[in-house]
Structure formats: C-alpha cells, structure tokens
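Trainee: The structure is given below, and queries will be raised subsequently.
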Amino acid sequence: MSVIKHKAQRVVVLIDVQNLYHSARNLYNARANFKEVVKAAVAGRQLVRAIGYVIRTESGEEKAFLEALVNMGIETKIKDLQVFAGGMKKADWDVGMAVDAVRFAEAFVDAIVLVTGDGDFVPLVEYLHARGVQSEVMAFGRSTSQRLREAADDFIDLGADRKFLLRVGRAGAE
C-alpha cells in the first residue's frame, strides 16, 4: 500500500454507519466513536465532506443518534428500512455510497475514505485508482474483507485503538 497524506489534500469521508455500528457492537460490545473516526480519516487534510449513510427504522429510535452525527459535522443521508411481504427486511446503502464516491472522484478530490469493511466496495476502490483518486478504508479489521484491505491504498484497523470505541451506556456515546 502506498499512501500519501498532506495538508493540501482534499478528502471526502463516506461512512457506512450500519456496518460500523453493528461491527462495534458485535465485536466489542461497544459503540463506534464516530467523532474520532472522522478525525483520523481527515488526518489534518482539507475535509470536503463527511457523509454518513443511515437507515431509518420503523420505530424511529435512532433520531437522537442521527442528531448526534449531524452535530459532529457528519452530513446524513437517510433511507427507510424496507420491509417486504413475509417480513424480510433490507437496509443497504452500497449503491448510494458508490455513486457518491464516483461523483466525488469526478470533482477532483484527492482521497476518498470509505468507512466500511464490506468487500462489495472492491470494484469501487479499483475504479478510484483508475481515476487517480487515493482510496483509504477504515473499519474493524476482524470484520473487514481481506480483498478490500488489499485493494485500498491505506487501511486503518479501528479495532487496533480503543479511541475508536465507546463503552455501551456511556453518556454522549455517539
């Protein structure tokens, strides 16, 4: 992996909120510290935009969480949870994240940080490379696709540093 990070770089951070949230909970019984994630993703560079892709549940219980993301400077894109006949549920932002990344690559950003461990993003990383855009991935290593790790210019394992985790039940946890 060859990665260059400098103050003049324009960076976009795209966060698969559900992926990060559930990985932190399932692997560490904790919550992801989104503020620290964005800070590490930007790494002293020029932040163009930080976008969190989230799913709105039927109960709406995530409202305070979404407000906390916005208060941290993370723009949210919200999609309703789809419930199909028979009870099957679908909550997925992969295509939306990929389309936004392609649009940002066309807008001449220097780096795009994908905060997800989902291997479905490997073709996107390959596309970004072809466009001359640096691709970086941040996720919990234990649940990250090995192919995604290898394809990215840089990989930060959020599980390697406790600053990326908050204990469950702590006040202001998001």
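What follows is calculated from the coordinates using simple rules that are stated; it is not laboratory data. Owing to the predicted nature of the structure, the values given are computational and were not obtained by experimental measurement. Every residue, glycine as well, gets a Cβ built from its backbone with ideal geometry; the counts of neighbours run over all protein chains shown.
Trainee: Would you list T116, T57 from fewest to most Cβ contacts within 10 Å?
Mentor: If I rank by nearby Cβ atoms, fewest first, I get T57, T116.
Trainee: Now for a separate question. Would you list S23, S143 from fewest to most Cβ contacts within 10 Å?
Mentor: In increasing order of surrounding Cβ atoms, one gets S143, S23.
Trainee: From the helices alone, meaning DSSP H stretches of at least four residues, give me the mean residue ellipticity at 222 nm for the chain, per-run term -39500 (n - 2.57), in deg cm²/dmol to the nearest 500.
Mentor: Helix contribution divided over all residues of the chain: -9500 deg cm²/dmol.
Trainee: Between W93, L114, L66, whose Cα lies farthest towards the positive end of the dipole of the range 20-159 when Lys and Arg beta carbons carry +1 and Asp and Glu beta carbons carry -1, centred on the Cα centre?
Mentor: L66
Trainee: Suppose every Lys and Arg Cβ carries +1 and every Asp and Glu Cβ carries -1, with no other charges. What dipole size does the chain come out with about its Cα centre, to the nearest 20 debye?
Mentor: Roughly 500 debye for the chain.
Trainee: While we're looking at this one, here's another question. Taking the Cβ-Cβ separation of D161 and K79 as r and a Förster radius of 25 Å, what is the calculated FRET efficiency to the nearest 0.05?
Mentor: 0.25
Trainee: In what sequence do F140, F65 fall when counting other Cβ within 10 Å, fewest first?
Mentor: Lowest count first: F65, F140.
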